[in-house]
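A short write-up of the structure that comes next.
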Amino acid sequence: MGKTFEKIRLCSVGKLQDADKIPQWVRANGGDYTKNVDSRTTHLVTTKEAYKQNVEVVKEAKSLKNVKIVSFDWLEDSLLSKTRRPLKEAPYLWSNLLSERKTNEATAQSPAVSKSPQKIWDPFLPTPKKGTKGAKGTNRGRVYQEPDNGDLWKATIVRPCNPPRQREKYQLAIMQSFAKQPSYSTYAKYSRVGTSKVHLLLPAQKNLSAAMKAFAEFFKEKTGKEWESRADKKMPLPKCNDAGEPLPAHEGWYAMEIYENIFTDYLKSYQDPCGPTQVDVQDTVNPVPEQPASDSATKNLDGPSEGLSEGHVLLESLILMEFGPSTTNKPEEKINTAEEPSEVVADRGS
């Protein structure tokens, strides 16, 4: 072995990596290792904790002035270098390392002089009416709707806060632009009492599959469920910590809010008993007189229709209670306008 460390007299203190091997390494390269600091010591290898706590050995090394107090990295880098010669100590001195960290922390905490970031559009705010102040540029797209089944790619997921009387929620949506060749972007908005923030999960691009993937991944991350299984009413396994223990409700999964609109669902499923209406161009010029409605057509107005769900039957019943049954099939009451017999008039006169 060489004697690259022949001018080094080193001491170490603190919980260092491979502390028991340090004396062997130094001596194998021609240096001298001591357990205590003295006037001939050139280097003290120590930890940040020992240096900041100013333990007795560190205090003694500081008082001697000529001792360079360095980190373990100085010794390791020197021995692993091509020449195995001692490297310059300045980058490894604890006095320099700690002062640099303080400077970096102060720079990170000070406000940077730069342009303010562009504000993210909030697609979950109600669109103001045209002509009102601030309405321009607020409506940049609509929620994407699948053309085959009409499903909207939007969701609201919630979970209780701590305290449980409050709750926090995310609104999630894929927005489609109004362009002929639309672009798609994915947004999520977090809100609770006193705060809200919009997150742009995926910037606008032509790739619809990428927007769907970002949407589905965020939904699963927060709810523990696949987007395709959102309506199966099955609860996911409890969310657990690293130890496998279930987390409290305010740290667990979010649950999806499901809004069921019976009226709009009824309108979608309702079929006209007379069949689809066809408009003839000639009829608009020479209108055909209206034909009396058939019994099958009026049946739906007099009572609930068959083949509908309980919600639809309930809705029809409410409509009948509000507006009453149809009078289409009821015979009109004849009003007797004939003059009363003269005998009756005479009796009244007497």
Could you grab me the full set of residues in the stretch 232-261 that are in a strand (DSSP E or B) and under 14 Å from GLU221 (Cα atoms)?
CYS240, ALA255, MET256
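Can you pull out every residue in the stretch 115-139 that is modelled with pLDDT of 85 or more and either exposed (fewer than 13 other Cβ atoms within 10 Å of the Cβ) or in contact with an Asp or Glu (Cβ under 9 Å, 6 or more places away or on another chain) (or both)?
Once the filter is applied, which keeps residues that are modelled with pLDDT of 85 or more and either exposed (fewer than 13 other Cβ atoms within 10 Å of the Cβ) or in contact with an Asp or Glu (Cβ under 9 Å, 6 or more places away or on another chain) (or both), the stretch 115-139 yields only LEU125.
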Filter the stretch 26-64 down to the residues that are within 53 Å of the chain's Cα centre (by Cα), surrounded by 15 or more Cβ atoms within 10 Å (Cβ to Cβ) and either polar (S, T, N, Q) or not assigned by TED's automatic domain parsing to the domain that holds ARG84 (or both) and list them by number.
THR46, THR47
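Mind checking whether some residue in the stretch 206-228 is of a type in the set (Asp, Glu), part of a loop (DSSP other than H, G, I, E, B) and at pLDDT 90 or above? Explain how you work it out, then say what you get.
Keep residues of the stretch 206-228 that are of a type in the set (Asp, Glu), which gives 217, 221, 226, 228.
After this cut, where a residue has to be part of a loop (DSSP other than H, G, I, E, B) as well, the list is 226.
From what is left, the residues that are at pLDDT 90 or above are 226.
There is at least one residue in the stretch 206-228 that is of a type in the set (Asp, Glu), part of a loop (DSSP other than H, G, I, E, B) and at pLDDT 90 or above.
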Subset of the stretch 140-184 (residues that are closer than 25 Å to GLY224 by Cβ, of a type in the set (D, E, K, R), surrounded by 10 or more Cβ atoms within 10 Å (Cβ to Cβ) and at pLDDT below 90)
ARG167
Give the residues of the stretch 232-258 that are small (Gly, Ala, Ser), touching a residue at least 12 places away in the same chain (Cβ under 8 Å) and exposed (fewer than 14 other Cβ atoms within 10 Å of the Cβ), sorted by residue number.
none
When you look at LYS88, is it modelled with pLDDT under 90 and of a type outside the set (S, T, N, Q), yes or no?
no
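Are any of the residues in the stretch 19-26 closer than 19 Å to LEU98 by Cβ and of a type outside the set (Asp, Glu)? Walk me through how you get there before you give the answer.
Going through the stretch 19-26, the residues closer than 19 Å to LEU98 by Cβ turn out to be none.
Checked against the condition, which is being closer than 19 Å to LEU98 by Cβ and of a type outside the set (Asp, Glu), the stretch 19-26 yields no hits at all.
The values are calculated or read from the model by the stated rules, or taken from the named source; none is laboratory data. Fair warning: this is a prediction, and the values are worked out from it, not measured in the lab. Using ideal geometry, Cβ is built from the backbone for each residue, glycine included, and neighbour counts are taken over all protein chains shown.
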